Amino acid sequence: MELEYVYKRPSAISSEADGYCPGCLHSTANRIIAEVLDEMDAVGRTIAVFPVGCAVLSAGYFLTDMTIAAHGRAPAVACAIKRCRPDRLVFTYQGDGDLAAIGMCETIHTANRGENITVIFINNSIFGMTGGQMAPTTLIGQASTTGGPSRNPDEVGYPFKMCELINQLEAPKYIARFALDSVPHIREAKKGIKRAFSIQMNGGGYSFVELISNCSTNWKTTPLKSLKFMREKMIPYYPLGEFRKPEEEE
Amino acid sequence: MDFEFLEGCEAIAEAAVRAGCRFFAGYPITPQTEVPEYMSRRMPEVGGIFLQGESEIAAINMVYGAGASGVYAMTSSSSIGIALKTEGISYLAAARIPAVILNFQRGGPGIGNITASQSDYWQCVKGPGSGGHRCMVFSPSTIQECVDIMGMAFEKAFRDRNPVFVLLDGSIGNIKEPVKLPDMKPVPDKDAFDWCLSGCEGRAPRQLLPILPEDPSKFAEHATEMYARWQKEDVLVAEDLPDDAEVIVTAYGTAGRIAGACVKRLRKEGLKIGMIRPLTVSPFPIASFRKLDAGSTRLIIDVEMAKPAQMVEDVRLAVNGRIRVEALEIPGGIIPTDEDVYEGITGIIKGVNENGA
Amino acid sequence: MFLINIDFQKCKACGYCIQVCPNKVLAAGSELNEKGYAVTIPERLDKCVGCSMCATVCPEAAIEILKSKTTPQERNAR
């Protein structure tokens, strides 16, 4: 009997890839990025920049050229790579602590310069690798090891909505937020990543893709229950959708 | 080529361009702001890239990205700005990405002042970032020496895949003097480097990772071997050592220039005096001090624009107790006159003669 | 006719695929892999329609789905 693939593991992912917790949607994000790279036949033209935090584990996933930046500095590293090698596909892959806390300055300025790179932002509302500390994106009322059992906005302010913040800038060309909790959401996210990469490869400019993700380990729940938290708590606060896209795309 | 009358910052920047530098990222800070200003004009003319970082931290990380791409990349800053860059410099060393970094030292600590200083020798030589790595550090005294060194700085950075410092100060950056610039060199082909990031089409993927390998001793062994090789092959030093010298003055950079004038004056006055002026302080010219004859040389005077003096520790290590070492310490942020240094040196000699060893 | 390949060492038994499958093809297994996870098994493969939703939600890319190629003759025979 001759067989053909209905779904095949993307070739851009290493067979050795491992590291994330069971059910961690970082892995899903990696998988769909890899699928897009395969579909665009871009693996050999890609340079990836990974951060510090759980997202650094992705460095072990991709079979592309890559480097790891200091905590929060991935956009500064990536924009220089892109300017030196403008025909390559350059993306950063950053978590919320990296992108919205220590790296906020680089995040905003790189977006404001309209650097022709793609920033992929994994928002799981907590510091993962260090064990569940409060992130800039931790929800009001959410527990963390440094923000107490319930984030209190009177003391520590409100969670950053990064897409909305970047949407205040003139230069960015594509700004979108997706979620990784369900089949339709994952499919939309993949389309969004492909759109961002295509804009970049057509010389379009800066693209920002936020992916609402989970952290069942530090949320102290199961993978399946973490999906419920995403749907009931995160997505209502972080509305999904394309905040900005090039006119010809509309 | 003819001499041109150039300001230090601009001459150094132009020398970098002529050495093949095609990427510069910087952030304004006195006394080196003329370097990014010059590069912002010059880079577009030569097809290079200039980026003003949103901070010193962003600028060093831009250099990290450019170096990773195989481009001769440089950043420039001063003392407190370098302190911010040390995170990135540590990452450069760990990921083995080359870069050239200019440090125009100013008085410190804190905001300090914007006057020339040598109080960041330790910063560049001993602690250019976390993790115990080292950088090669050039320590020129004149603008001519600066421009002559720039080509070498990039070559060594790329040879070793390690960041290189050029240790300067606010004086050398802002004085003007006649200088003969080097010829324009061809820009190295960035694809010729077999380690840089370019996309893995037709080859295995490359990773530049600032993470210790599974066997952490691998990086340490590589680094230790590299530092030992520098000591054998890369020391630059200007020696003026008469056979019968009783006193040796040692100093680098601007202090070396001022002290050098004093040595000449004292020799004219009949003193048996010599000088060791390091042009690299990392690797430190240990051999120059080791070969001194303790029978004839009885005193080494280290002159620094830093109080407490910093390089003097390396001098003492090199001498290893064989010869008395004293330091003439001028606090950072004060540029001494020839007369100040002359009086300081003669005062130390007088004190030693009166009180004995 | 579909075939679901679940990479035995890659599966981390998060349960996403079991929950998402509309035909309850997949089930929690009992055999542990090297990492200690009870690897999911395609228990009722005959019910699989090849929708690939399990593969879409699998973080580990541990699931691959294949189908038997139908020849023109087979297609005509239907």
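Looking across segment B:59-83 at every residue that is of a type in the set (A, V, I, L, M, F, W, C) and surrounded by fewer than 24 Cβ atoms within 10 Å (Cβ to Cβ), the one that is farthest from the other protein chains (Cβ to nearest Cβ) is identified as B:Ile80. Which residues, counting only those in segment A:76-92, are touching a strand residue (DSSP E or B) at 6+ places or on another chain (Cβ under 6 Å) and facing chain B (nearest Cβ under 7 Å)? Scanning segment A:76-92 gives A:Val77, A:Ala78, A:Ile81, A:Arg83, A:Arg88.
Are there any helices (runs of 4 or more DSSP H) wholly within segment A:108-220 with 1 or more residues that are small (Gly, Ala, Ser) and touching a residue at least 60 places away in the same chain (Cβ under 8 Å), and if so which? Full working, then the answer.
On the way: elements: A:153-156, A:162-166, A:183-201.
Result: A:183-201.
When B:Arg257 is tested against (1) in a strand (DSSP E or B); (2) farther than 30 Å from B:Glu225 by Cβ; (3) not hydrophobic (A, V, I, L, M, F, W, C), exactly one condition is not met: (1).
Consider segment A:59-75 and keep the residues that are crowded, with 24+ Cβ neighbours inside 10 Å, touching a Cys at 6+ places or on another chain (Cβ under 9 Å) and not in a strand (DSSP E or B). The one that is farthest from the other protein chains (Cβ to nearest Cβ) is A:Gly72.
Take the conditions (1) in contact (Cβ under 8 Å) with a residue 40 or more places away in the chain; (2) more than 16 Å from B:Met311 (Cβ to Cβ); (3) surrounded by fewer than 24 Cβ atoms within 10 Å (Cβ to Cβ); B:Arg106 misses just one of them, which is (3). Among the conditions (1) surrounded by fewer than 24 Cβ atoms within 10 Å (Cβ to Cβ); (2) at positive phi, B:Glu7 misses just one, which is (2). For segment C:34-70, taking the residues that are within 23 Å of A:Gly19 (Cβ to Cβ) and of a type in the set (D, E, K, R), the one that is farthest from the other protein chains (Cβ to nearest Cβ) is identified as C:Glu34.
Considering only residues in segment B:300-339 that are part of a helix (DSSP H, G or I) and free of Cβ contacts under 8 Å to residues at least 40 places away in the same chain, the one that is farthest from B:Arg290 (Cα to Cα) turns out to be B:Glu339.
Against the test of being surrounded by fewer than 24 Cβ atoms within 10 Å (Cβ to Cβ), closer than 20 Å to B:Pro140 by Cβ and not assigned by TED's automatic domain parsing to the domain that holds B:Asp169, the options B:Leu279, B:Leu266 yield a single qualifying residue, B:Leu279.
Could you please let me know if A:Met162 is out of contact with any Lys or Arg (no Cβ under 8 Å at 6 or more places or on another chain), farther than 28 Å from C:Cys54 by Cβ and surrounded by 23 or more Cβ atoms within 10 Å (Cβ to Cβ)? When the stated conditions are applied, A:Met162 passes them.
Restricted to segment C:8-33, and to residues there that are at the interface with another protein chain (Cβ under 8 Å from one of its Cβ atoms) and part of a loop (DSSP other than H, G, I, E, B), the residue that is surrounded by the fewest Cβ atoms within 10 Å (Cβ to Cβ) is C:Gly15.
Listed conditions (1) in contact with a strand residue (DSSP E or B) (Cβ under 8 Å, 6 or more places away or on another chain); (2) closer than 30 Å to A:Asn202 by Cβ are all met by A:Asn124, apart from (2).
Every test in (1) assigned to a strand (DSSP E or B); (2) charged (D, E, K, R); (3) free of Cβ contacts under 8 Å to residues at least 40 places away in the same chain is passed by A:Glu242 save one, and that test is (3).
The values are calculated or read from the model by the stated rules, or taken from the named source; none is laboratory data. Source: prediction; values computed, not measured. For neighbour counting, all protein chains shown are included, and Cβ atoms are generated from backbone atoms with ideal geometry for every residue, glycine included.
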